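Asker: Dropping a structure here in structure tokens format, bear with me for questions.
The values are calculated or read from the model by the stated rules, or taken from the named source; none is laboratory data. This is a predicted model, so every value here is computed, not measured. Here the Cβ positions follow ideal geometry from the backbone for every residue, glycine too, while neighbour counts run over all protein chains shown.
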Amino acid sequence: MEGILKGIRVLDFGRFIAGPYCATILADFGAEVIRIEKVSGSEDRFVPPVAEDGSGALFMQMARNKKGLTLNPMKPEGREIVKKLVATADVVVANLPPQALKGMGLDYESLKTIKPDIILTTPSAFGSKGPYSQKLGFDGIGQAMSGPVYMTGEPDEPSRAAVSYIDFGTALFSALGTVLALMERSKSGQGQQVETSLFGTGVAFANATLIEQAIKQVNRVASKNRGQTSAPSDIHQTKDGWILVQTLGQPLFERWVKLMGEDHWLSDSRFKDDLARGDNSVVISERMDRWTAERTTEEALSELEAAGVPAGPVLSPQQVLDDPHVQAAEYLKMLDYPGMPSPAPVSTTPINLSRTPGGIRHRAPTLGEHTDEILKDLGYQSAEIEEFRKKRVV
């Protein structure tokens, strides 16, 4: 079945996650995506290296379903190639600083002189407005500046998440914005710029905490793994591992009380509702610690599930790979890559459409794998392409 976005050409000048993963999602649903990187390979190709050519694990995920083109757009010949590419494209994705975009001729004003209906999607660290608009940033900075890092860990030692959720969230917002711009273009015939930012994503994700602070001035601080607005909601050690137990609402709390076999929790005013339980979560967590310490992970999860209390094990990366649900639900697809000792388990499209699903069609490209093919489609001859290589244009 053809992808929904078949016929849409995307030029991916993105780096690391926010830009590239936006383009990946578009590629998963049928868009032709051309990843454009430095002649020697862009830095995000090699994080962390897993293949003989140095290509990295992140790259295996970000570059699936894409064609690979090497190009130096700062050279005159490279600028001309960019112009020819843009003339054939529908979308340009570039999470590069504004000055870099302008220097490469990828700012919106330059692009629309080449292709008036072009859509430019520009994830950035802080967006184009405000005093931070020229600042650089990565996922961790977005986490730190939007509140979650302050609320994670302990009061005297803030902690960031190991997974780049701000980057991935920004990529998802960027992909949504791009699809919305394509829909609007189908009605008006006009392109536009789609802007997202890591800081904006962080503020959006943390918004409930910010609203509570603004209205009630609660001045919350980190409480390690304990939830602050309900309980039990914490990570507990078992005889052979760790589990997370999480409840929200009176019915779930009553199920937990029944599991404990201790009705006094229901008559104690300290635990009358979610907020009160969150305020007194230390007491509940201590009780739960004693309960889980007497059981293996399997025993604890079995009893919690039978009681209808949400819980899950804390899994290592290897345990995630081995998890039967991950395998049965086909969350990962094994993809070969030249020079890699075994196939890579690449995550499948996290959006499931019943009638027109997306999917992984092919592995990430080797460095410049499709350069000749793409340039020939633009009208360049083999001799010209070889001359470009000598000059390090491609």
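Asker: Out of the residues in the range 212-227 that are in contact (Cβ under 8 Å) with a residue 24 or more places away in the chain and more than 26 Å from the chain's Cα centre (by Cα), which is farthest from Pro158 (Cα to Cα)?
Answerer: The residue in question is Arg220.
Asker: Are any of the residues in the range 268-291 among the basic types (Lys, Arg), over 30 Å from Glu369 (Cβ atoms), surrounded by fewer than 12 Cβ atoms within 10 Å (Cβ to Cβ) and in contact (Cβ under 8 Å) with a residue 12 or more places away in the chain?
Answerer: Step one: list which residues in the range 268-291 are among the basic types (Lys, Arg), which gives 270, 272, 277, 287, 290.
From what is left, the residues that are over 30 Å from Glu369 (Cβ atoms) are 270, 272, 277, 287, 290.
Retained after the next criterion (residues that are surrounded by fewer than 12 Cβ atoms within 10 Å (Cβ to Cβ)): 270, 290.
After this cut, where a residue has to be in contact (Cβ under 8 Å) with a residue 12 or more places away in the chain as well, the list is 270.
The answer is yes, given that some residue of the range 268-291 is among the basic types (Lys, Arg), over 30 Å from Glu369 (Cβ atoms), surrounded by fewer than 12 Cβ atoms within 10 Å (Cβ to Cβ) and in contact (Cβ under 8 Å) with a residue 12 or more places away in the chain.
Asker: Report yes if Leu304 is touching a residue at least 40 places away in the same chain (Cβ under 8 Å) and within 27 Å of Pro251 (Cβ to Cβ), otherwise no. Don't jump to the end; show me each part of the working.
Answerer: Working: touching a residue at least 40 places away in the same chain (Cβ under 8 Å): yes; within 27 Å of Pro251 (Cβ to Cβ): yes.
Criteria met by Leu304.
Asker: Looking at Thr366, Thr356, Thr371, Thr349, can you tell me which residue is surrounded by 14 or more Cβ atoms within 10 Å (Cβ to Cβ), under 20 Å from Ala27 (Cβ atoms) and out of contact with any strand residue (DSSP E or B) (no Cβ under 7 Å at 6 or more places or on another chain)?
Answerer: Matching residue, one of Thr366, Thr356, Thr371, Thr349: Thr349.
Asker: Still on this structure: Looking at Gly3, Gly30, Gly19, which one is crowded, with 24+ Cβ neighbours inside 10 Å and either out of contact with any Cys (no Cβ under 9 Å at 6 or more places or on another chain) or not hydroxyl-bearing (Ser, Thr, Tyr) (or both)?
Answerer: Residue meeting the stated conditions: Gly19.
Asker: Any chance you could count how many residues in the range 122-148 are touching a Phe, Trp or Tyr at 6+ places or on another chain (Cβ under 6 Å) and surrounded by fewer than 18 Cβ atoms within 10 Å (Cβ to Cβ)?
Answerer: Matching residues across the range 122-148 total 3.
Asker: (1) in a loop (DSSP other than H, G, I, E, B); (2) of a type in the set (Val, Ile, Thr); (3) in contact with a Ser or Thr (Cβ under 8 Å, 6 or more places away or on another chain): which one isn't true of Ile243, the others all being true?
Answerer: Condition (1) is where Ile243 drops out.
Asker: I'm trying to understand the selection: among the residues of the range 85-139, which are free of Cβ contacts under 8 Å to residues at least 40 places away in the same chain, among the small types (Gly, Ala, Ser) and touching a helix residue (DSSP H, G or I) at 6+ places or on another chain (Cβ under 8 Å)?
Answerer: Matches in the range 85-139: Ala87, Gly105, Ser110, Ser133.
Residues are listed down the side, and each one gets a yes or a no for (1) of a type in the set (Phe, Trp, Tyr); (2) modelled with pLDDT of 95 or more; (3) surrounded by fewer than 17 Cβ atoms within 10 Å (Cβ to Cβ):
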{"position": "Leu101", "(1), (2), (3)": "no, no, no"}
{"position": "Met104", "(1), (2), (3)": "no, no, no"}
{"position": "Leu120", "(1), (2), (3)": "no, yes, no"}
{"position": "Tyr150", "(1), (2), (3)": "yes, yes, no"}
{"position": "Glu157", "(1), (2), (3)": "no, yes, yes"}
{"position": "Val163", "(1), (2), (3)": "no, yes, yes"}
{"position": "Gly169", "(1), (2), (3)": "no, yes, no"}
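Asker: State all residues of the range 293-327 that are over 28 Å from Ser347 (Cα atoms), of a type in the set (Gly, Ala, Ser) and surrounded by fewer than 12 Cβ atoms within 10 Å (Cβ to Cβ); if no residue qualifies, say none.
Answerer: Ala306
Each row is one residue, and each column tells you yes or no for (1) under 17 Å from the mean Cα position of the chain (by Cα); (2) farther than 30 Å from Ser188 by Cα; (3) of a type in the set (S, T, N, Q).
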{"site": "Thr70", "(1), (2), (3)": "no, yes, yes"}
{"site": "Pro73", "(1), (2), (3)": "no, yes, no"}
{"site": "Arg79", "(1), (2), (3)": "no, no, no"}
{"site": "Lys102", "(1), (2), (3)": "no, no, no"}
{"site": "Ser128", "(1), (2), (3)": "no, no, yes"}
{"site": "Gly153", "(1), (2), (3)": "no, yes, no"}
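Asker: Could I ask something else about it? Filter the range 270-315 for residues that are outside any helix (DSSP H, G or I) and within 27 Å of Val221 (Cα to Cα) and give the result.
Answerer: Lys272, Asp273, Asn280, Val309, Pro310, Ala311, Gly312, Pro313, Val314, Leu315, listed by residue number.
Asker: Give me the pairs: first residue in the range 320-334 and within 22 Å of Gly358 (Cα to Cα) and free of Cβ contacts under 8 Å to residues at least 40 places away in the same chain, second residue among the β-branched types (Val, Ile, Thr) and loosely packed, with under 14 Cβ neighbours inside 10 Å, beta-carbon distance under 8 Å, and six or more apart or on different chains, which are they?
Answerer: Every condition considered, the pairs that remain are Val326/Val320.
Residues are listed down the side, and each one gets a yes or a no for (1) within 34 Å of the chain's Cα centre (by Cα); (2) more than 18 Å from Ala311 (Cα to Cα); (3) modelled with pLDDT of 95 or more:
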site: Pro232; (1), (2), (3): yes, no, yes
site: Ile243; (1), (2), (3): yes, no, yes
site: Arg270; (1), (2), (3): no, yes, yes
site: Asp279; (1), (2), (3): yes, yes, yes
site: Val283; (1), (2), (3): no, yes, yes
site: Trp291; (1), (2), (3): no, no, yes
site: Thr296; (1), (2), (3): yes, no, yes
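Asker: Let me ask something else about it. Find all pairs meeting these conditions: Cβ atoms under 6 angstrom apart; at least six residues apart or on different chains; first residue within the range 192-211 and in the same structural domain as Gly19 (by TED's automatic domain parsing); second residue assigned to a strand (DSSP E or B).
Answerer: Gln193/Leu120; Val194/Thr121; Glu195/Thr122; Thr196/Pro123; Ser197/Ser124
Asker: Can you find even one residue in the range 9-26 that is more than 24 Å from Ile351 (Cα to Cα), in contact (Cβ under 8 Å) with a residue 12 or more places away in the chain and among the acidic types (Asp, Glu)?
Answerer: Of the range 9-26, the ones more than 24 Å from Ile351 (Cα to Cα) are none.
No, the range 9-26 contains no residue that is more than 24 Å from Ile351 (Cα to Cα), in contact (Cβ under 8 Å) with a residue 12 or more places away in the chain and among the acidic types (Asp, Glu).
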